Amino acid sequence: MNKITNHQLYRLIVAHFAEIIREPSVIFWGVVFPILMAWGLGIAFTQKGGVQAKLAVVINLEGVSGNQQTKLISWLTANAQKKDSVYTITLKNEKLGNATLSFFETSSSNAFTLLKKGKVSVIIEDQLNGSSYRFDPANAEAKAAYHLAADLEAHGPLFYTENQSQIQPLTLSGTRYVDFLIPGLLAMGIMMACSWGISYTIIDRRSKKLLRRMVATPMKKSNLLFALITARFTMNLAEAILLFLFAWLYFGVKIQGSFSALIVLFISANIAFSGIAILISSRTANTEVGNGMINAIVTPMMVVSGVFFSYHNFPDWAIPAIQYLPLTMITDTFRSIFNEGAGFLDVWREALVLTITGIVSFVIGLKIFKWY
């Protein structure tokens, strides 16, 4: 049996890296897609867009004689544009963006049908003595539409634009949604790349009997796994740099904290998810089982760890558990470095916990790893 040398690790790293970059789909999903996601979400949430509010108006003139009109309909007739029983009015605001309200004059039964289909968010029952509003209080869009319509009915269109000099929109770096988003995308990219790029690669090769051929060369388990981790880390670094450069050039995203702390945390994050990936893929040869195991790990964290929205929206009892998830720790510390000026002393605990998590997972995965 030939002696296994360190040249084997080098050749494996080169082979794995070549295998990654030669696939166009890998380049798209790893490099292009995160940039497209950052661009799309950044544009959607940072541009001064208009508010669209759609409301159903049910006129109740029960017991009223003649051609009397309710206050709201009378006001809309005089001030709004009407087309096919739909009154539309646009409220101008240079700082907050314009608000367009559409009032659908309809029957009571049809109003509830429109609400169920999502075509309107609020139902207004309009009477001579005033209007009543019906909407889901848990629906943020419906609450915004209610406030706009109620203020419009009470004060008129000038209410929306008066005292604009008192409005001071937050546009400073670190306070925008895109500043919240980019660190989360960087963290999620590390998790997804390690989980699929390492775990699924090992499981797929085991299912195709390729690992059986590798062990016959002979080959060390540690060399194979270190090669996979090194190749994936290199790709993760390139993807993160390209995503940050795009965010910096297009949106003006800046790193306000310690760059060295960011590097340390980036390495710790890769160690953590690389170790977890090795542990997940250490035994199974069934790609469907492997697919399920990977999704069972990454999907919950992608939803609850605050990548796209704050996890503080979840119930208070769940927040302590969420904060200790690896992706949450990475996302929170990335944001503290990007937006709060954090340094190494502010993130060393998280970096240490992530590193230990990765090392322990790797050692266990290496111990129980099987070639076939």
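The values are calculated or read from the model by the stated rules, or taken from the named source; none is laboratory data. Being a predicted model, the structure only gives us computed values, none of them experimental. Cβ coordinates were reconstructed from backbone atoms using ideal geometry, including for glycine residues, and neighbour counts include every protein chain displayed.
When residues in segment 216-228 are screened for being assigned to a helix (DSSP H, G or I) and surrounded by 15 or more Cβ atoms within 10 Å (Cβ to Cβ), 7 of them pass. Taking Asn110, is it part of a helix (DSSP H, G or I) and assigned by TED's automatic domain parsing to the domain that holds Leu55? Yes: the conditions hold for Asn110. Looking across segment 310-346, the residues that are out of contact with any Asp or Glu (no Cβ under 9 Å at 6 or more places or on another chain), of a type in the set (Val, Ile, Thr) and at pLDDT 90 or above come down to Ile322, Thr328, Thr331.
Restricting the search to segment 353-372, which residues are loosely packed, with under 15 Cβ neighbours inside 10 Å and farther than 22 Å from Ala285 by Cα? Residues satisfying the conditions are Ile356, Ile359, Val360. Within segment 318-359, if we keep just the residues that are outside any helix (DSSP H, G or I) and not aliphatic (A, V, I, L, M), the residue that is nearest to Cys194 (Cα to Cα) turns out to be Tyr324. Exactly one residue out of Val289, Val298, Val307 is among the aliphatic types (A, V, I, L, M) and not in a helix (DSSP H, G or I): that is Val307. Checked against (1) at pLDDT 85 or above; (2) over 22 Å from Ile278 (Cα atoms); (3) among the β-branched types (Val, Ile, Thr), Ile202 passes all but a single condition, namely (2). Applying the criterion of being among the small types (Gly, Ala, Ser) and in a helix (DSSP H, G or I) to the residues of segment 248-265, the residue that is farthest from Leu181 (Cα to Cα) is Ser260.
Yes/no matrix, rows are residues, columns are (1) part of a loop (DSSP other than H, G, I, E, B); (2) under 17 Å from Ile13 (Cα atoms); (3) of a type in the set (Lys, Arg):
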| position | (1), (2), (3) |
| --- | --- |
| Met188 | no, no, no |
| Met191 | no, no, no |
| Asp204 | no, no, no |
| Thr230 | no, yes, no |
| Asn236 | no, yes, no |
| Leu243 | no, no, no |
| Ile267 | no, no, no |
| Arg283 | yes, no, yes |
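Return yes or no: is Met301 at pLDDT 90 or above and under 14 Å from the mean Cα position of the chain (by Cα)? Judged against the criteria, Met301 is a match.
Among residues of segment 62-85 that are outside the structural domain of Ala149 (by TED's automatic domain parsing), none has a beta-carbon under 7 Å from a residue that is in a loop (DSSP other than H, G, I, E, B) and modelled with pLDDT of 80 or more at least six positions away or on a different chain. Every test in (1) touching a Leu at 6+ places or on another chain (Cβ under 8 Å); (2) modelled with pLDDT under 75; (3) loosely packed, with under 14 Cβ neighbours inside 10 Å is passed by Glu62 save one, and that test is (1). Taking the condition of a type in the set (Asp, Glu) and surrounded by fewer than 18 Cβ atoms within 10 Å (Cβ to Cβ), does Asp204 pass? Criteria met by Asp204.
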